[in-house]
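Readers should treat all values here as calculations from the given coordinates under stated rules, not as data from a laboratory. Remember, predicted model here, so these are calculated numbers, not experimental data. In this analysis, Cβ positions are derived from the backbone assuming ideal geometry, glycine residues included, and neighbour counts consider all displayed protein chains.
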Amino acid sequence: MNVQNSPLVRTLRDAFGLKGDANVPCIALFLPLILALTGCNGLHELELEEREQQSLKSRLEKLGTVQEHKRIFFVALDSVAGEYAEGDTLHLRYTLYALTSQGEIVVESNEPDIIAQHKLHPTDTQYPPQNYVLGKTDWLEGIARGLQYAAPRSSRGWLGIPHAQGYGNTPFGRIPSRTPLLFHYEITNPHP
């Protein structure tokens, strides 16, 4: 392939308004810069994820001692631990919050007071308690993984869920893309 007519060189010529073959050496000087800048996108993603993790952790530290498991944060509100295994049914009261730049948004709940206060539309999960089969129920990845870790440790608690294990890079209703979540839960049928 003729480098002078390659798609990258043509794109650079067009972008910088360059004409003719004499500019190919000039374009070659820009290639390392362009490659360096596009490589920085991965570093920027890591920086954003780190900031998100710190934000979730600092928000949860106001509620108690924070534990981390597979990039999901957990705060126990009691020490009532149960012997749960995959396939066990948990009866949950819960509220899911989105942490947006405008503040917390209540996304979903099965707590009657919260439903009324935030004027939530009824869904099939809003009839307390919600049955959740550990490791089987199809909820957000962060909730599923978080409950598998948290349920044996505490019957009440909070999960801090990074966007990648929540709704990801896709907006969901009034939740913008890349939004971390908080999940408050109470297991109403704790194992002794």
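Work out, step by step, the length gained on full extension between LYS119 and LEU48: first 0.36 nm times the residue separation, then minus their alpha carbon distance; give nm to one decimal.
Length gained between LYS119 and LEU48: 22.3 nm.
If you add up the charges near GLU49, with Lys and Arg at +1 and Asp and Glu at -1, over every other residue whose beta carbon is less than 15 angstrom from its beta carbon, what do you get?
0
So for each of 49-62, 176-189 I average, over its residues, the number of other beta carbons within 10 Å; can you give me the resulting order with the highest mean first?
176-189, 49-62
For the range 41-192, how big is Rg over Rh, using alpha carbon atoms and the Kirkwood form of Rh?
Computed over Cα atoms, the ratio is 0.96.
When averaged across all projection directions, what area in nm² does the alpha-carbon convex hull of the range 130-192 cover?
4.5 nm²
Provide the net charge surrounding HIS118, with neighbours chosen by a C-beta distance below 11 Å and charges set as Lys +1, Arg +1, Asp -1, Glu -1.
Combined, the nearby Lys, Arg, Asp and Glu give -3.
Which residues in the range 51-74 have a backbone N closer than 11 Å to a point placed 7 Å from the Cα of TYR149 along the Cα-to-Cβ line?
Only 67-74 pass the distance filter.
Would you mind counting up the charge near LEU63? Only other residues with Cβ under 12 Å from its Cβ, with Lys and Arg at +1 and Asp and Glu at -1.
+3
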